[in-house]
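Worksheet: one structure, shown below.
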Amino acid sequence: MSDERFAFARPYLAAPILDAETLQARVREMGAEISRDYRGRAVHVVAVLKGSMMIVADLLRALTVPVSVDFIAVSSYGPEARASGAVRLIKDLDESIAGRHVLVVEDVIDTGLTLNYILGVLRRRQPASLEVATLLDKPAHRLVDLPIRYIGFTLPDRFVVGYGLDFRERFRNLPFIAELREDLIEEELIE
Ligand code: PRP
(Lines give C-alpha, C1' and ligand atoms only; values in the text may rest on other atoms or scores of the structure.)
Protein backbone atom coordinates (compact mmCIF):
# COMPACT_ATOMS: atom_id res chain seq x y z
CA MET A 1 0.00 0.00 0.00
CA SER A 2 2.98 2.27 0.53
CA ASP A 3 4.15 1.42 -3.01
CA GLU A 4 4.22 4.81 -4.80
CA ARG A 5 3.37 3.20 -8.14
CA PHE A 6 -0.12 2.47 -6.80
CA ALA A 7 -0.70 5.84 -5.15
CA PHE A 8 -3.90 6.22 -7.23
CA ALA A 9 -5.55 3.56 -5.08
CA ARG A 10 -4.57 4.98 -1.71
CA PRO A 11 -7.60 7.29 -1.22
CA TYR A 12 -9.90 4.27 -1.52
CA LEU A 13 -8.08 1.90 0.81
CA ALA A 14 -8.50 1.60 4.57
CA ALA A 15 -5.72 -0.76 5.61
CA PRO A 16 -3.15 -3.13 4.14
CA ILE A 17 -4.06 -6.80 4.56
CA LEU A 18 -1.51 -8.89 2.61
CA ASP A 19 1.56 -7.44 0.91
CA ALA A 20 2.89 -8.66 -2.43
CA GLU A 21 5.78 -10.64 -0.94
CA THR A 22 3.48 -12.47 1.48
CA LEU A 23 1.08 -13.34 -1.34
CA GLN A 24 3.85 -14.56 -3.62
CA ALA A 25 5.42 -16.67 -0.88
CA ARG A 26 2.12 -18.31 0.09
CA VAL A 27 1.14 -19.05 -3.51
CA ARG A 28 4.55 -20.66 -4.04
CA GLU A 29 3.95 -22.81 -0.93
CA MET A 30 0.51 -23.80 -2.22
CA GLY A 31 2.09 -24.72 -5.56
CA ALA A 32 4.66 -26.91 -3.82
CA GLU A 33 1.98 -28.65 -1.74
CA ILE A 34 -0.26 -29.25 -4.76
CA SER A 35 2.72 -30.54 -6.77
CA ARG A 36 3.54 -33.03 -3.99
CA ASP A 37 -0.08 -34.22 -3.79
CA TYR A 38 -0.43 -34.66 -7.56
CA ARG A 39 2.93 -36.33 -8.16
CA GLY A 40 2.63 -38.72 -11.09
CA ARG A 41 -0.64 -37.16 -12.24
CA ALA A 42 -1.49 -34.26 -14.54
CA VAL A 43 -3.57 -31.45 -13.02
CA HIS A 44 -6.37 -29.83 -14.99
CA VAL A 45 -6.82 -26.38 -13.47
CA VAL A 46 -10.25 -24.79 -13.76
CA ALA A 47 -9.95 -21.08 -13.03
CA VAL A 48 -13.09 -19.21 -12.05
CA LEU A 49 -13.06 -15.82 -13.80
CA LYS A 50 -12.34 -13.07 -13.18
CA GLY A 51 -10.97 -12.78 -9.67
CA SER A 52 -8.76 -15.88 -9.85
CA MET A 53 -6.63 -14.59 -12.70
CA MET A 54 -3.73 -13.46 -10.51
CA ILE A 55 -3.52 -16.51 -8.30
CA VAL A 56 -3.89 -18.80 -11.31
CA ALA A 57 -1.08 -17.07 -13.18
CA ASP A 58 1.24 -17.34 -10.17
CA LEU A 59 0.10 -20.80 -9.05
CA LEU A 60 0.64 -22.34 -12.49
CA ARG A 61 4.25 -21.17 -12.41
CA ALA A 62 4.70 -22.83 -9.02
CA LEU A 63 3.40 -26.23 -10.16
CA THR A 64 6.00 -28.84 -11.03
CA VAL A 65 3.61 -31.47 -12.44
CA PRO A 66 2.05 -31.47 -15.93
CA VAL A 67 -0.72 -28.86 -16.05
CA SER A 68 -3.52 -27.84 -18.38
CA VAL A 69 -5.87 -24.94 -17.74
CA ASP A 70 -9.40 -23.97 -18.67
CA PHE A 71 -11.69 -21.14 -17.60
CA ILE A 72 -15.25 -20.89 -16.36
CA ALA A 73 -17.26 -17.77 -15.55
CA VAL A 74 -20.45 -17.45 -13.56
CA SER A 75 -22.56 -14.55 -12.50
CA SER A 76 -25.02 -14.27 -9.66
CA TYR A 77 -28.48 -12.91 -10.48
CA GLY A 78 -28.04 -10.03 -8.02
CA PRO A 79 -27.96 -9.75 -4.24
CA GLU A 80 -31.47 -11.09 -3.58
CA ALA A 81 -31.30 -14.00 -5.96
CA ARG A 82 -27.81 -14.70 -4.71
CA ALA A 83 -29.12 -15.54 -1.28
CA SER A 84 -31.08 -18.36 -2.88
CA GLY A 85 -27.94 -19.68 -4.53
CA ALA A 86 -29.05 -18.78 -8.06
CA VAL A 87 -25.96 -18.61 -10.24
CA ARG A 88 -25.77 -18.36 -14.02
CA LEU A 89 -23.06 -19.95 -16.15
CA ILE A 90 -21.80 -17.23 -18.48
CA LYS A 91 -18.73 -18.99 -19.88
CA ASP A 92 -18.45 -22.74 -19.90
CA LEU A 93 -15.24 -24.75 -20.09
CA ASP A 94 -13.75 -25.32 -23.54
CA GLU A 95 -12.75 -28.92 -22.86
CA SER A 96 -14.25 -32.06 -21.37
CA ILE A 97 -13.12 -32.85 -17.81
CA ALA A 98 -14.24 -36.50 -17.82
CA GLY A 99 -11.54 -38.69 -16.31
CA ARG A 100 -9.25 -35.73 -15.49
CA HIS A 101 -7.86 -34.58 -12.15
CA VAL A 102 -9.59 -31.23 -11.80
CA LEU A 103 -8.42 -28.49 -9.46
CA VAL A 104 -10.82 -25.56 -9.24
CA VAL A 105 -9.00 -22.32 -8.41
CA GLU A 106 -10.83 -19.40 -6.80
CA ASP A 107 -9.69 -16.06 -5.44
CA VAL A 108 -12.16 -15.99 -2.56
CA ILE A 109 -14.89 -18.14 -1.07
CA ASP A 110 -17.45 -16.20 0.92
CA THR A 111 -20.98 -17.64 1.17
CA GLY A 112 -19.81 -20.64 -0.85
CA LEU A 113 -22.83 -20.43 -3.18
CA THR A 114 -20.80 -19.76 -6.32
CA LEU A 115 -18.43 -22.63 -5.70
CA ASN A 116 -21.26 -24.93 -4.67
CA TYR A 117 -22.93 -24.34 -8.03
CA ILE A 118 -19.68 -24.82 -9.95
CA LEU A 119 -18.81 -28.03 -8.13
CA GLY A 120 -22.29 -29.38 -8.87
CA VAL A 121 -21.85 -28.67 -12.59
CA LEU A 122 -18.37 -30.20 -12.68
CA ARG A 123 -19.21 -33.30 -10.64
CA ARG A 124 -21.87 -34.29 -13.15
CA ARG A 125 -19.16 -34.37 -15.83
CA GLN A 126 -17.34 -37.18 -14.03
CA PRO A 127 -13.80 -35.96 -13.43
CA ALA A 128 -11.36 -38.53 -12.00
CA SER A 129 -10.99 -36.22 -8.99
CA LEU A 130 -12.23 -32.77 -8.03
CA GLU A 131 -10.48 -30.49 -5.52
CA VAL A 132 -10.55 -26.80 -4.70
CA ALA A 133 -7.80 -24.26 -4.08
CA THR A 134 -8.66 -20.76 -2.96
CA LEU A 135 -6.39 -17.86 -2.21
CA LEU A 136 -8.77 -16.47 0.41
CA ASP A 137 -11.32 -18.09 2.64
CA LYS A 138 -13.84 -15.80 4.33
CA PRO A 139 -15.87 -18.22 6.47
CA ALA A 140 -17.94 -15.58 8.34
CA HIS A 141 -20.89 -15.73 5.89
CA ARG A 142 -20.59 -19.33 4.72
CA LEU A 143 -24.00 -20.76 3.79
CA VAL A 144 -22.89 -24.12 2.40
CA ASP A 145 -20.25 -26.38 3.76
CA LEU A 146 -17.69 -27.10 1.06
CA PRO A 147 -14.62 -29.32 0.79
CA ILE A 148 -11.77 -26.84 0.28
CA ARG A 149 -8.48 -28.72 -0.02
CA TYR A 150 -6.05 -25.77 -0.30
CA ILE A 151 -6.50 -22.40 1.42
CA GLY A 152 -4.02 -19.55 1.08
CA PHE A 153 -5.27 -17.29 3.86
CA THR A 154 -8.32 -17.20 6.10
CA LEU A 155 -9.63 -13.67 6.47
CA PRO A 156 -12.22 -12.05 8.71
CA ASP A 157 -15.29 -10.44 7.17
CA ARG A 158 -13.68 -7.47 5.41
CA PHE A 159 -14.21 -6.09 1.90
CA VAL A 160 -10.81 -6.59 0.34
CA VAL A 161 -9.47 -5.67 -3.10
CA GLY A 162 -6.33 -6.27 -5.11
CA TYR A 163 -4.47 -9.25 -6.58
CA GLY A 164 -7.48 -10.05 -8.78
CA LEU A 165 -10.22 -8.95 -6.39
CA ASP A 166 -12.26 -5.94 -7.44
CA PHE A 167 -14.64 -3.30 -6.27
CA ARG A 168 -16.84 -2.47 -9.28
CA GLU A 169 -14.16 -3.88 -11.59
CA ARG A 170 -11.44 -1.68 -10.10
CA PHE A 171 -8.27 -2.52 -8.16
CA ARG A 172 -7.74 -6.00 -9.63
CA ASN A 173 -4.27 -4.84 -10.75
CA LEU A 174 -2.90 -4.11 -7.28
CA PRO A 175 -0.12 -6.62 -6.46
CA PHE A 176 -1.19 -6.57 -2.78
CA ILE A 177 -4.51 -7.03 -0.96
CA ALA A 178 -6.00 -4.19 1.06
CA GLU A 179 -9.24 -3.41 2.79
CA LEU A 180 -11.56 -1.05 0.94
CA ARG A 181 -12.79 2.03 2.78
CA GLU A 182 -16.18 1.09 4.22
CA ASP A 183 -17.88 4.35 3.23
CA LEU A 184 -17.11 3.66 -0.46
CA ILE A 185 -19.07 0.42 -0.49
CA GLU A 186 -22.37 2.29 -0.27
CA GLU A 187 -21.40 4.96 -2.80
CA GLU A 188 -22.71 4.79 -6.33
CA LEU A 189 -19.51 5.57 -8.18
CA ILE A 190 -15.85 6.07 -7.72
CA GLU A 191 -13.90 8.21 -10.15
C1 PRP B 1 -16.24 -13.75 -6.29
C2 PRP B 1 -15.27 -14.92 -6.20
C3 PRP B 1 -16.17 -16.10 -6.13
C4 PRP B 1 -17.40 -15.56 -5.44
C5 PRP B 1 -17.37 -15.95 -4.00
O6 PRP B 1 -16.57 -13.55 -7.60
O7 PRP B 1 -14.41 -14.99 -7.31
O8 PRP B 1 -16.47 -16.62 -7.40
O9 PRP B 1 -17.37 -14.13 -5.53
O10 PRP B 1 -18.54 -15.54 -3.35
P11 PRP B 1 -19.55 -16.55 -2.71
O12 PRP B 1 -18.76 -17.59 -1.97
O13 PRP B 1 -20.37 -15.68 -1.77
O14 PRP B 1 -20.41 -17.15 -3.78
P15 PRP B 1 -17.30 -12.22 -8.10
O16 PRP B 1 -18.79 -12.46 -8.17
O17 PRP B 1 -16.85 -11.05 -7.28
O18 PRP B 1 -16.80 -12.09 -9.59
P19 PRP B 1 -15.31 -11.83 -10.14
O20 PRP B 1 -14.48 -13.03 -9.77
O21 PRP B 1 -15.50 -11.70 -11.61
O22 PRP B 1 -14.80 -10.56 -9.49
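Give me the dipole magnitude in Debye, nearest 20, for the chain about the Cα centre, with unit charges on the beta carbon: positive for Lys and Arg, negative for Asp and Glu.
860
Ignoring everything except DSSP H segments at least 4 long, calculate the 222 nm mean residue ellipticity for the chain; use -39,500 (n - 2.57) per segment, divide by total residues, nearest 500. It would help to have the intermediate numbers written out before the result.
Numbers: 5 runs with 48 residues, N = 191.
Roughly -7500 deg cm²/dmol at 222 nm, from the helical runs in the chain.
Whole Å is fine, so just give me how far the alpha carbon centre of the range 122-191 lies from that of the range 5-29.
A separation of 14 Å, based on Cα centres.
Starting from the residue with the highest accessible area, list THR114, THR154 in decreasing order, probe 1.4 Å. Spell out each step's value before the answer.
Working: THR114 30, THR154 90 Å².
In descending accessible area the options line up as THR154, THR114.
Figure the gain on full extension for VAL65 and SER96 (residue separation times 0.36 nm, minus the Cα-Cα span) and round it to one decimal in nm. Intermediate values should be presented prior to the final figure.
Working: separation 31, 0.36 × 31 = 11.16 nm, distance 2.00 nm.
Length gained between VAL65 and SER96: 9.2 nm.
With a probe of 1.4 Å, find how much accessible area the chain has per residue, and write the answer as a whole number in Å².
On the way: 9750 Å² over 191 residues.
That works out to 51 Å² for each residue.
Within the chain, what is the longest stretch that has no chymotrypsin sites (Phe, Trp or Tyr not before Pro) placed in a DSSP loop and near at most 15 other beta-carbon atoms within 10 Å?
Working: sites that count: TYR77, PHE159.
It runs 78-158.
Please give the solvent-accessible surface of GLU21 in Å², to the nearest 10, using a probe radius of 1.4 Å with every protein chain present.
Taking all protein chains as shown, GLU21 has close to 130 Å².
Please state, rounded to one decimal and in Å, the Kirkwood hydrodynamic radius that the range 43-127 gives when every pair of distinct Cα atoms enters the mean of 1/r. Don't skip to the end; give the middle numbers.
Values: mean 1/r = 0.0744 Å⁻¹.
Here the Kirkwood hydrodynamic radius works out to 13.4 Å.
Out of SER96, PHE6, SER68, whose Cα points farthest toward the positive end of the dipole of the range 4-184 (charges: +1 Lys, Arg; -1 Asp, Glu; placed on Cβ)?
Of SER96, PHE6, SER68, it is SER96.
What is the percent carbon and sulfur in the accessible area of the chain, measuring with a 1.4 Å probe over the protein chains and ignoring ligands?
C and S atoms contribute 51 percent here.
For VAL160, list long-range residues whose amide hydrogen, built 1.01 Å from N in the peptide plane, is under 5 Å from its own amide hydrogen.
Distant-sequence amide H within range of VAL160: LEU180.
If you stretched the chain out fully between PHE8 and LEU49, how much longer would it get, using 0.36 nm times the residue separation minus the C-alpha to C-alpha distance?
12.3 nm
Between ALA20 and ASP166, what's the calculated FRET efficiency when r is the beta-carbon distance and R0 is 25 Å? Round to 0.05.
0.90
Among the trypsin sites (Lys or Arg not before Pro) within the range 18-48, which fall in a DSSP loop and have no more than 16 other Cβ atoms within 10 Å of their own Cβ?
Working: sites: ARG26, ARG28, ARG36, ARG39, ARG41; in loops: ARG39, ARG41.
The qualifying sites are ARG39, ARG41.
Could you put ILE55, ILE90, ILE185 in order of accessible surface area, largest first, with the 1.4 Å probe and the full protein assembly present?
Numbers: ILE55 0, ILE90 95, ILE185 50 Å².
Highest to lowest solvent-accessible surface, that is ILE90, ILE185, ILE55.
Tell me the accessible surface of ASP145 in square angstrom (1.4 angstrom probe, heavy atoms of protein chains only), to the nearest ten.
Accessible area of ASP145: about 150 Å².
Along the positive direction of the dipole of the chain (beta-carbon charges: Lys, Arg +1; Asp, Glu -1; about the Cα centre), which of PHE171, ALA32, VAL43 reaches farthest?
VAL43
Probe radius 1.4 Å, ligands and nucleic acids left out: which of HIS101, HIS44, HIS141 has the largest accessible area, and how do the rest follow?
Working: HIS101 45, HIS44 5, HIS141 90 Å².
Heavy-atom accessible area, descending, gives HIS141, HIS101, HIS44.
Please report the antiparallel percentage of DSSP beta bridges with both residues in the chain, rounded to the nearest 5.
Here the antiparallel bridges make up roughly 35 percent for the chain.
The values are calculated or read from the model by the stated rules, or taken from the named source; none is laboratory data. Owing to the predicted nature of the structure, the values given are computational and were not obtained by experimental measurement. Methodologically, a virtual Cβ is constructed for each residue, glycine included, from the backbone with ideal geometry; neighbour enumeration extends over all protein chains shown. For accessibility, only protein heavy atoms count, side chains too; no ligands or nucleic acids. Shrake-Rupley method; radii C 1.70, N 1.55, O 1.52, S 1.80 Å.
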